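Data block below; observations after.
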Amino acid sequence: MFLTFLGGVGTVTGSKTLVETETDTGTDTGTGSGTGTGTQTEPAAAATGGQRLLVDCGLFQGPRDVRSRNWDPFPIDPTTISCMILTHAHLDHCGYIPALVRDGFAGPIYCSPNTASLVPIILRDSARLQEEDTAWARKKGFSRHDKPRPLYGTEDAERAITLLTPVEFGTGFTPAPGMLARLDVGGHILGSSTVTLTEQSRNRTVVFSGDLGRGSHPLLAPPTAPCTADAIVLESTYGDRAHGDVDSEIDEMATAITRTLKRGGTVVIPAFAVDRTEVLLKALRTLQDQQRIPTAPIHADSPMALAALRVYLDAIRDKDPEIASAVLAEGTSAIDLPNLHEAKTPTDSMALDTGGARIIVSASGMASGGRVTHHLKALLPDRDNCVLLVGYQAIGTPGRMLLDGAHEIKIHGRYVPVRAEIAEIEAFSVHADADELMAWLSSCRPLPDQVFINHGEPQSARALADRVRGELDLAVSVPDPGERVRV
């Protein structure tokens, strides 16, 4: 069994890992000299008479040089991929699927039932935004291209959606001949999974962490510990740091919201549409109930976020086992606030840019697209307002620029002055931090022979790799883009 790291390497976006198996001919065709981890630098090659499947198929996001990789020719023929397994519904893990389908992929896309409910929301929104942004760029003339076009369109997204194949957690299934797979709870967002994949003829097993959640997720049950594995592919988004004290972070958030509302300003919270919006709503409900922030209108302004919110509400009503027991006891009121207003139309959204004491929760979480960019363009120049950054901000994104103290940022082709207060609250991260990643990895018994660190910026990935070597004495590597390794 071979893995080729096509995305999520040296960056936290674009996750794609190709898995190849070979027909058992009695000979090992994996040529090339490997290191202690079995790594090879040859490019991905077709498995002789074997199978190809893809774990995740995400969009690259962030700086232009990273985003441009979405337009590169896919390194292998999509028609040769028999199937796909999705860890979860975030765009950086599923957002490239319509492009692959457009280019010939037609196999089943295995995922958990809740992921199958969320992915259509994500892909339809992604296609719509690309089409709208392209039309806007043509109209305003701020694209660097003479004839800008979307990466894919609505028709491609709809074709991709028809391929979704739900599989219950803990149930073994055969994604391709000679392969056995199982999904377990990942605890990152609703529906998120870890993936266990076994090549049956050689009895070799690899576990993919996906984006690993935290045991303290406000809404979800904790991730399932990995079982026996020969290799583990481990994310490293927060591989070089520990999350701060949640209570003190929430206090800082309450203070920032309170002072902004009291001076008549608007609090803008760029938030990922899936999960982060729901986690924020629960926190705002708690702060209001405890009278730690003034009661003010709260606006959820993202068609995708509103659709995802309904999936979460349904899961709570249905007492889904992914939902934490405390939330099940509280019911839908945990995230369905009495002062919550839904901005369903563009007109509703534009009306929020007049200012005033209110809270706007809008996608995207890194302020790289969607309605939140319009709010920032209108509200950043006013010192009365506040932007709360509550999630990971990748290098090169507008959110990261604000976090790093930019005096102006470019939005829709023009520079906008940054005068509003900028505050960072890390309490809402639903990625496992370095300690939690190590605890999850250490719980695998016996420990794996190999660990591959991906889905992290270089410093974070290297730091986690060093820690795995030092504390667990395991063979560990941080793969290069396109690197092929043997399990």
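The values are calculated or read from the model by the stated rules, or taken from the named source; none is laboratory data. Fair warning: this is a prediction, and the values are worked out from it, not measured in the lab. Methodologically, a virtual Cβ is constructed for each residue, glycine included, from the backbone with ideal geometry; neighbour enumeration extends over all protein chains shown.
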Taking region 56-97 on its own, how many of its residues are surrounded by fewer than 22 Cβ atoms within 10 Å (Cβ to Cβ), hydrophobic (A, V, I, L, M, F, W, C) and in contact with an Asp or Glu (Cβ under 8 Å, 6 or more places away or on another chain)?
-> 1
Residue within region 459-470 that is surrounded by fewer than 16 Cβ atoms within 10 Å (Cβ to Cβ), touching a Ser or Thr at 6+ places or on another chain (Cβ under 9 Å) and at pLDDT 95 or above present | no
Among the residues of region 397-407, is there at least one that is within 30 Å of residue 3 (Cβ to Cβ) and out of contact with any Pro (no Cβ under 6 Å at 6 or more places or on another chain)?
-> yes
Can you pull out the residues in region 296-324 that are modelled with pLDDT of 95 or more and of a type in the set (Ser, Thr, Tyr)?
-> 312
For region 205-220, what are the residues that are farther than 20 Å from residue 17 by Cβ, modelled with pLDDT of 95 or more and not in a strand (DSSP E or B)?
-> 219
Give the residues of region 205-216 that are crowded, with 19+ Cβ neighbours inside 10 Å and not hydroxyl-bearing (Ser, Thr, Tyr), sorted by residue number.
-> 206, 207, 208, 210, 211, 212, 213, 214
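Residue-by-condition table, conditions (1) at pLDDT below 95; (2) under 25 Å from residue 461 (Cβ atoms); (3) buried (at least 24 other Cβ atoms within 10 Å of the Cβ):
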{"position": "172", "(1), (2), (3)": "no, no, no"}
{"position": "178", "(1), (2), (3)": "yes, no, no"}
{"position": "186", "(1), (2), (3)": "no, yes, yes"}
{"position": "192", "(1), (2), (3)": "no, yes, yes"}
{"position": "203", "(1), (2), (3)": "yes, no, no"}
{"position": "235", "(1), (2), (3)": "no, yes, yes"}
Candidate set: region 439-458, residues that are aliphatic (A, V, I, L, M) and surrounded by 22 or more Cβ atoms within 10 Å (Cβ to Cβ); chosen: the one nearest to residue 16 (Cα to Cα) | 453
Show the residue pairs that are 6+ apart or on different chains and have beta-carbon atoms under 9 Å apart, the first residue being within region 252-269 and farther than 20 Å from residue 381 by Cα, the second being assigned to a strand (DSSP E or B) and not hydrophobic (A, V, I, L, M, F, W, C).
-> 252/424
Of 321, 297, 338, 303, which residue is of a type outside the set (A, V, I, L, M, F, W, C) and without any contact (Cβ under 8 Å) to a residue 60 or more places away in the chain?
-> 338
Please indicate, with yes or no, whether at least one residue in region 439-456 is free of Cβ contacts under 8 Å to residues at least 24 places away in the same chain and within 22 Å of residue 265 (Cβ to Cβ).
-> no
Restricting the search to region 380-409, which residues are part of a loop (DSSP other than H, G, I, E, B) and more than 14 Å from residue 271 (Cα to Cα)?
-> 380, 381, 382, 383, 384, 385, 395, 396, 404, 405, 406, 407
